[in-house]
Amino acid sequence: SRVAILISGGGSNMVSLVASMAGDHPGRAVLVLANDPAAKGLQRAADMGVPVAAVDHRPFGKDRAGFEAALLEPLLAAQPDVICLAGFMRILTPDFIRRFQGRMLNIHPSLLPKYPGLHTHQRALDAGDSEAGCSVHEVTAELDAGPILGQARVPVMPGDTADTLSARVLVQEHRLYPAVLRRFVAGDRTPVLL
Ligand code: GRF
């Protein structure tokens with residue numbers, strides 16, 4: 001399967017996904033696409049030999065449809081079978097999502113359905129949760145709410161801050177996303193639970 005990965009920043013999840021597709025993996029990274037030309041992940045992808053592209057969302061202002069039309073150009077040219085959102089920080093319209101429904105994944109740094117949206121680690125700490133983690137889900141029109149394809153749990157430790165907790169969760173993201181993608185491209189929808 002041809003896999004396109006959308007990023008906004010450092011792309012650590014993208015690096016894990018691309019590295020996992022080396023060798024006899026049924027998936028192949030065909031494009032890394034960023035909404036910021038300065039995204040550090042673009043150079044990391046290029047260093048790994050993956051084609052890259054960037055469409056800066058800022059010139060489009062509130063024109064989400066305009067931005068997405070520009071994003072579709074390099075994305076459709078890569079003819080992806082699967083799209084992985086990985087640290088991609090733009091909300092996509094239902095029209096865009098409908099084009100890829102059932103073959104677009106996202107990783108979210110909480111144990112969904114808890115804490116959709118932003119600041120997930122601080123919200124878990126404020127709630128006094130003893131556990132936190134990350135989820136990979138199919139992307140649907142409702143934000144962070146599609147079918148769960150995998151979850152990984154970490155303990156919340158005494159003295160944790162949002163930074164220490166997010167670092168602990170990020171390690172699990174890098175294990176979970178590649179495991180989910182491998183099953184997904186093999187047509188297996190059994191949730192990965194780490
Ligand atoms: C991280 O906070 C991660 O939890 C979330 O997006 C952010 C950046 O991820 N998925 P990445 O390093 O760009 O993959």
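The values are calculated or read from the model by the stated rules, or taken from the named source; none is laboratory data. Computed from a prediction, not measured in an experiment: that's the story for all the values here. Positions of Cβ are generated from backbone atoms using ideal geometry, with glycine treated the same way; all protein chains shown enter the neighbour counts. Note: accessible area is taken over every heavy atom of the protein model, side chains too, but ligands, DNA and RNA are not part of it. Shrake-Rupley method; radii C 1.70, N 1.55, O 1.52, S 1.80 Å.
A few remarks follow.
- Note on region 1-24: among residues that are farther than 15 Å from residue 43 by Cα, open to solvent by less than 20 Å² (accessible area, probe 1.4 Å) and not in a strand (DSSP E or B), the one that is nearest to the ligand (Cβ to nearest atom) is 17.
- Scanning region 68-120 for residues that are assigned to a loop (DSSP other than H, G, I, E, B) and of a type in the set (Asp, Glu) gives a single hit, 81.
- Considering 192, 180, 139, the condition of being touching a Phe, Trp or Tyr at 6+ places or on another chain (Cβ under 8 Å) and open to solvent by less than 40 Å² (accessible area, probe 1.4 Å) is satisfied by 139 alone.
- Close pairs from region 122-133: first among the hydroxyl-bearing types (Ser, Thr, Tyr), partner part of a loop (DSSP other than H, G, I, E, B), Cβ under 7 Å, at least 6 apart: 130/156
- Of the criteria (1) more than 16 Å from the ligand (Cβ to nearest atom); (2) open to solvent by 40 Å² or more (accessible area, probe 1.4 Å); (3) at pLDDT 95 or above, which one residue 80 fails: (2)
- Some residue of region 43-62 being closer than 28 Å to residue 172 by Cβ, near the ligand (Cβ under 10 Å from one of its atoms) and either at pLDDT below 95 or open to solvent by less than 10 Å² (accessible area, probe 1.4 Å) (or both): no
- Complete set of residues in region 157-171 that are over 13 Å from the mean Cα position of the chain (by Cα) and in a helix (DSSP H, G or I): 162, 163, 164, 165, 166, 167, 168, 169, 171
- No other residue among 152, 132 is in contact with a Cys (Cβ under 7 Å, 6 or more places away or on another chain) and modelled with pLDDT of 95 or more apart from 152.
- The residues of region 87-111 that are among the aliphatic types (A, V, I, L, M), closer than 15 Å to residue 173 by Cβ and open to solvent by less than 10 Å² (accessible area, probe 1.4 Å) amount to a single one, 105.
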